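The values are calculated or read from the model by the stated rules, or taken from the named source; none is laboratory data. From a predicted model like this one, the values you see are computed outputs, not experimental measurements. Counting neighbours? That spans all protein chains shown, and the Cβs are built from the backbone with ideal geometry, glycine included.
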């Protein structure tokens, strides 16, 4: 008969799960959910002792333990017959919330499938690829957690949901055969757009030389893009502006009409200088603050010239672009 495992004390149980993280070289519990295919809610109940652990799951968890640790925990656990959990309410919880557990399992499996999708990271440098990299330069994040890789964008769920659902998703599907997992945070207006792909991680970090982790103050446009043709280069700039740019009207009284301004603020002077140099080469009038933190396009004439050369795709600009036509 199959058995279930429980620990002789909460202290032993807590120590056990600390060892699980270290032995599998995980940083977060979510990585166990993905790697060992254990629903998040079930793992939480294993950790707090509300559910006993199936013997096979226990063996999977200790698989990377050294022999000393295996022996220690073997002497500090006990076994129950599998049907004990059902009689005492453990397994009944699973059946009560079966749809929740099954949905969590499906999501974990899908993440694993997404991470295995491969594409050639040396695919041709097109306008769409340059735009995607520009978007990442402006607002992207990537990192590796154990055997799992994530590329993430964040947006405003009030204004940018359809932008990521339709425009960005279509670009990523065409380029990489990847569609992001998009989640709205309940307590804020934040939209999280996640790709789980090793190849996408490698494309960004190895081909385009963008370091993993926090990058806002050090990220630069890669030499490959800088040395490409005008259309590729300006597509990358469009991605950066769609991520971090803003368009507003200065309505102070000394202006006869609302005065249009497009601004890009980034705490990255070298990147702002790169963009300024690109604008100079393409005759795009602009100015910037003395510390190279913000770049401005001022006035109807120069804003229109900018918009004619930089193809913005983010709908957050559209209402002001329409207003500009009537000034």
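Per this entry, residue 38 is counted among residues that are crowded, with 17+ Cβ neighbours inside 10 Å and not in a helix (DSSP H, G or I).
Could you please find all residues in region 187-208 being out of contact with any strand residue (DSSP E or B) (no Cβ under 8 Å at 6 or more places or on another chain) and either closer than 22 Å to residue 168 by Cβ or not in a loop (DSSP other than H, G, I, E, B) (or both)? Across region 187-208, the qualifying residues are 188, 199, 202, 203, 206, 207, 208. Taking the criterion of being under 24 Å from the mean Cα position of the chain (by Cα) and either crowded, with 19+ Cβ neighbours inside 10 Å or not in a helix (DSSP H, G or I) (or both), the residues of region 16-34 that qualify are 24, 25, 26, 27, 28, 32, 33, 34. For residue 248, all conditions in the list (1) surrounded by 14 or more Cβ atoms within 10 Å (Cβ to Cβ); (2) outside any loop (DSSP other than H, G, I, E, B); (3) in contact with a strand residue (DSSP E or B) (Cβ under 8 Å, 6 or more places away or on another chain) hold save one; what is the number of the exception? Failing condition for residue 248: (1). Residues of region 294-327 that are in contact with a helix residue (DSSP H, G or I) (Cβ under 7 Å, 6 or more places away or on another chain) and outside any helix (DSSP H, G or I): 295, 297, 310, 311, 312, 313, 314, 327. Evaluation of residue 266 against the conditions (1) surrounded by 15 or more Cβ atoms within 10 Å (Cβ to Cβ); (2) at pLDDT 95 or above; (3) within 29 Å of the chain's Cα centre (by Cα) shows that the sole unmet condition is (2).
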